[in-house]
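Undergrad: Let me give you the structure first, and then I'll get to my questions.
Please treat every number below as a calculation from the coordinates, not as lab data. Just so it is clear, the model here is predicted, and its values are computed rather than measured. Cβ sites come from the backbone with ideal geometry, for glycine too, and all protein chains shown count toward neighbours.
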Amino acid sequence: MNINKLHLKWKVFLFLSGFCVLLLTILWMFQTVFLDSFYRNIKIMQIKSGANSIVDNIDNKNLSELITGISKDFNVNIEVIDEKGHILYLSDVLNDSVIFKMSDLDRLALILGAQNQKGEFYEYVTVQPPRRPGRNEGFTGRLPFHEERAMQSLIYVKLAVDSSGQNIAVFMESVITPLNATVQTLRYQLYFITVIMIILATILALIIAKQVSKPIEEINKSAKELAKGNYGIHFDGKGFLEVSELSNTLNTAAHELKKVEDLRQELLANISHDLRTPLSLIYGYAEVMHDFPDEITKEQTQIIMDETQRLSSLVNDVLDISKMESGMQKIDKVPFNLTKRVKETIERIAELTRKDGYQFNFKYEEEVMVFADEISIIQAFYNLLVNAINYTGEDKVIEVDQVISNETVRIGVSDTGNGIASEDLPYIWDRYYKVDKKHKRAVTGTGLGLSIVKKIMGLHDGSYGVESQNGQGSTFWFSLKYEKIM
Ligand code: ADP
């Protein structure tokens, strides 16, 4: 059986049961194997403390009350004798007392033992149990219960001197083997404890398992839905911190997946629209030209050329971004004159859009060199410029400026268009993101231009950004480290 394949609840149950077995084993050990020695040590401690308190109060005239009390409390026989062997006090609570039956010689031996050992001495004696009346002797009904095993008693003697200078000996006796009845009681208790613990462990295991595994099972159910492509699913893990953190993470993941999926679908719609429209225009005009070869006009060929251009830039954008994303795009850094290249690009675009009436202004103070991939950087600038053309206002003015500060050069492209709402600003650099969801052909775009800029700047350790407010135009910029021209 592979333990990793086990249901959580069974695992919890297994661990809890193991813990119970361990606890019970310890309990059984103490109640059976170690019981005798525990009992004996406790008894010895009690006897010693009792003897001490008798010796401390040896001159008290009410000593007999104390002796009776101790004797009953600890279940010990006590005998106090003076040096002539006269019994001063006596308390007899045990049956079959050994000390009372001792001969004077035995007592003397004990006292001598004590004299040799700092005033106290003890020894163990084994007491055979009285014979048990058996059934085979003709008895019926309830028979008296006697210990079956031999019992051990402890005989203890402590020497003292009273205020009149007389030597006193305190004898004490206690059974130090736990009584069968006590052992039996403990056993029964243990049976009960065992049963109760097994039941409790089972209940606890079920409760814990339910508490722990239920939310996980639910998250798993939702995760399976997510795997099926249902990105709208909500993870609702409650119960403990880890689960709620896990479900927060999964919610974020689901949200991100949904965003990507939405964008992907939008892109598909857009791209298919973007591909289909020029293609059908090209086909339409080509058909006309085919049918009426004598009536071919310049406008018709121009439209075919424009649409082909549009198609190829779309295909190029898609290729560029996928190349950059897959890490296949290698950048080839060379020193080049950024200012000059920017100027050339503006002039080229101005030439191309001359008939549309755009006005471009380029402000710069000095020419700067940068060490970068020339084609990529100009492409980034080109993308910003094309966006500015697409989104600028009625006056069709586009400002480009070059600002040099410390070690960086910043190229900014400003337009007079509607600007961008602040809620869209964080997303415009994402792939396929378009503020205007309704596809307007008047404004071209694949939603890839800015993400290409972002990638190029990432590859150059450059920075990029936008300053824009709704209704007030935008300034898109990027900046790079520059090299001083000597
Ligand atoms: P697109 O090909 O759609 O222009 P981009 O990645 O270049 O894609 O831009 C993403 C979005 O950012 C655009 O759809 C547009 O909504 C917004 N945007 C980009 N440039 C400008 C600008 N100069 N003025 C206003 N909005 C802009």
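Undergrad: Going through the cross-link list K343/K363; K221/K259; K11/K210, which pairs have a Cα-Cα distance over 19 Å in this structure?
TA: Working: K343/K363 10 Å; K221/K259 22 Å; K11/K210 12 Å.
Result: K221/K259 exceed 19 Å.
Undergrad: Mind listing which chymotrypsin sites (Phe, Trp or Tyr not before Pro) in the range 234-334 are in a DSSP loop and have 13 or fewer other Cβ atoms within 10 Å?
TA: Those satisfying the criteria are F240.
Undergrad: Which of rounded, prolate or oblate describes the range 331-484 when judged by the alpha-carbon gyration tensor and an a/c cut-off of 1.5?
TA: Values: a/c = 1.72, a/b = 1.35, b/c = 1.27.
Prolate is the answer for the range 331-484, as a/c is 1.5 or above and a/b outweighs b/c.
Undergrad: R0 = 51 Å: FRET efficiency of I44 with K259, Cβ-based, nearest 0.05?
TA: On the way: r = 79 Å, r/R0 = 1.54.
Step by step, r from the Cβ atoms, then E = 0.05.
Undergrad: Same structure, new question: Determine the dipole magnitude for the chain: charges of +1 sit on the beta-carbon of Lys and Arg, -1 on that of Asp and Glu, nothing else is charged, the reference point is the Cα centre, and the result goes in debye to the nearest 20. Don't skip to the end; give the middle numbers.
TA: Details: 53 positive and 63 negative charges, 390 e Å.
So the magnitude is around 1880 debye.
Undergrad: Can you compute the helix-only [θ] at 222 nm over the chain? Use -39500 (n - 2.57) per DSSP H run of at least 4 residues, normalise by all residues, nearest 500 deg cm²/dmol. Write down the numbers at each step before the final one.
TA: Values: 10 runs with 239 residues, N = 486.
It comes out at -17500 deg cm²/dmol, rounded to the nearest 500.
Undergrad: With a 10 Å radius around each residue's Cβ, average the other Cβ atoms per peptide and rank 59-71, 344-356, highest first. Walk me through the numbers before you get to the answer.
TA: Working: 59-71: 14.8, 344-356: 12.6.
Packing proxy ranking, top to bottom: 59-71, 344-356.
Undergrad: With a point put 7 Å past each Cα toward its Cβ, work out how far L206 is from I303 in nm, to one decimal.
TA: With each label placed 7 Å out from Cα toward Cβ, I get 7.9 nm.
Undergrad: Quote the FRET efficiency, to the nearest 0.05, computed for L22 versus V161 with a Förster distance R0 of 45 Å and r equal to the Cβ-Cβ distance.
TA: Numbers: r = 54 Å, r/R0 = 1.19.
Efficiency for this residue pair is about 0.25.
Undergrad: Follow-up. Simple spin-label model, 7 Å along Cα-to-Cβ: F292 to K5 in nm?
TA: Simple spin-label model gives 7.7 nm for this pair.
Undergrad: So what's the range 305-395 giving for Cα Rg divided by 2.2 N^0.38 Å, two decimals?
TA: Details: Rg = 15.0 Å, N = 91, 2.2 N^0.38 = 12.2 Å.
Its radius of gyration relative to the 2.2 N^0.38 Å reference: 1.23.
Undergrad: Size of the chain along its principal axes in angstrom, Cα-based, largest extent first?
TA: 153, 65, 39
Undergrad: What size of dipole, in debye to the nearest 20, comes out for the range 96-240 about its Cα centre when the only charges are +1 on Lys and Arg C-beta atoms and -1 on Asp and Glu C-beta atoms? Don't skip to the end; give the middle numbers.
TA: On the way: 16 positive and 14 negative charges, 159 e Å.
Roughly 760 debye for the range 96-240.
Undergrad: Report the trypsin sites (Lys or Arg not before Pro) located in the range 227-325 that are in a DSSP loop and have at most 12 other Cβ atoms inside 10 Å of their Cβ, or state none. Before the final figure, lay out the partial values.
TA: Numbers: sites: K228, K238, K258, K259, R264, R276, K298, R310, K323; in loops: K228, K238.
Listed in order of number, the matching sites are K228, K238.
Undergrad: Now a separate question. With only Lys, Arg, Asp and Glu charged, each at its Cβ (+1 for the first two, -1 for the last two), find how big the charge dipole of the range 229-329 is about the Cα centre; round to the nearest 20 debye.
TA: It works out to roughly 360 debye.
Undergrad: I need the phi-derived Karplus couplings for the range 239-244: 6.51 cos²θ - 1.76 cosθ + 1.60, θ = phi - 60°, integer Hz, Gly and Pro marked x.
TA: x, 8, 3, 4, 5, 6
Undergrad: Another one. Once the dipole of the range 261-415 is set up with Lys and Arg at +1 and Asp and Glu at -1 on Cβ about the Cα centre, which of Q329, Y382, L314 lies farthest towards its positive end?
TA: Q329
Undergrad: Among the listed pairs K340/K481; K43/K84; K455/K481; K9/K214; K340/K396; K228/K323, which have their C-alpha atoms separated by more than 19 angstrom in this model?
TA: Details: K340/K481 16 Å; K43/K84 29 Å; K455/K481 17 Å; K9/K214 9 Å; K340/K396 23 Å; K228/K323 29 Å.
Among K340/K481; K43/K84; K455/K481; K9/K214; K340/K396; K228/K323, the Cα-Cα distance tops 19 Å for K43/K84; K340/K396; K228/K323.
Undergrad: Sticking with this one: For I176, which sequence-distant residues (separation of 5 or more, or a different chain) have an amide H within less than 5 Å of its own amide H, given hydrogens modelled in the peptide plane?
TA: Those qualifying (amide H under 5 Å, at least 5 residues apart or on another chain) are Q152, S153, L154.
Undergrad: Amide H of I420 versus every other amide H placed in the peptide plane: which residues, excluding those fewer than 5 positions away on the same chain, fall under 5 Å?
TA: So I420 has HN proximity to Q469, N470, G471, Q472.
Undergrad: Quick one, what does Rg over Rh come out to for the range 216-350 if you take C-alpha atoms and the Kirkwood Rh? The partial results should precede the final answer.
TA: Values: Rg = 25.1 Å, Rh = 20.3 Å.
My calculation puts Rg/Rh at 1.24.
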